[in-house]
Amino acid sequence: MRTTLTIEDTLVSELKKRAHEAGKPFKQVVNETLLVGLQQKTVRKTKSSAYRLKPASLGAPLAGISLDKALHLADELEDISLRAKLEQRK
């Protein structure tokens, strides 16, 4: 089948180099490379397993910190961080 592809210049250069080194036509090297890439992707799909997350304890919150207002706390911490960065610029 004929088709038109837009291939990045660096890839074209590498493919042409491989074709020259192997003494094969450019078209054949492109087809072989695509086939190898597709086969590797298929193998990865069959070997992958379910992702498992191992929980870890982060400990209790520090004294005086209420987690009831976690977003407010996050805002305050971000403000403190920004102030510190601005102070370093002076």
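Filter the range 56-82 down to the residues that are part of a helix (DSSP H, G or I) and β-branched (Val, Ile, Thr) and list them by number. Spell out the reasoning first.
Just the residues of the range 56-82 that are part of a helix (DSSP H, G or I), to begin with: 67-82.
80, the sole residue that qualifies.
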Return the pairs, sorted by first residue and then second, in which the second residue is of a type in the set (Ser, Thr, Tyr), the first residue lies in the range 1-28 and is surrounded by 11 or more Cβ atoms within 10 Å (Cβ to Cβ), the beta carbons are less than 7 Å apart, and the residues are 6+ apart or on different chains.
15/33
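Suppose the filter is out of contact with any Gly (no Cβ under 8 Å at 6 or more places or on another chain), in a helix (DSSP H, G or I), among the charged types (D, E, K, R) and loosely packed, with under 10 Cβ neighbours inside 10 Å; does residue 85 pass it? I'd like the intermediate steps shown before the answer.
Details: out of contact with any Gly (no Cβ under 8 Å at 6 or more places or on another chain): yes; in a helix (DSSP H, G or I): yes; among the charged types (D, E, K, R): yes; loosely packed, with under 10 Cβ neighbours inside 10 Å: yes.
So residue 85 passes the test.
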How about the range 1-39: which of its residues are in a helix (DSSP H, G or I) and among the charged types (D, E, K, R)?
9, 14, 16, 17, 18, 21, 27, 32
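Is it the case that the range 46-55 has a residue that's at pLDDT below 95 and in a helix (DSSP H, G or I)? Break it down stepwise before answering.
Just the residues of the range 46-55 that are at pLDDT below 95, to begin with: 46-55.
Okay, now just the ones that are also in a helix (DSSP H, G or I), so 46-47.
Yes, the conditions are met somewhere in the range 46-55.
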Listed residues 21, 32; which is within 30 Å of the chain's Cα centre (by Cα) and acidic (Asp, Glu)?
32
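Has the range 67-87 got at least one residue that is of a type in the set (Ser, Thr, Tyr) and modelled with pLDDT under 90? Lay out the reasoning, then the answer.
Just the residues of the range 67-87 that are of a type in the set (Ser, Thr, Tyr), to begin with: 81.
Subsequent filtering for residues that are modelled with pLDDT under 90 retains none.
The answer is no, given that none of the residues of the range 67-87 is of a type in the set (Ser, Thr, Tyr) and modelled with pLDDT under 90.
The values are calculated or read from the model by the stated rules, or taken from the named source; none is laboratory data. On a predicted model such as this, the values are computed, not experimentally measured, just so you know. Reconstructed Cβ throughout: ideal geometry from the backbone, glycine too, with neighbour counts over all protein chains shown.
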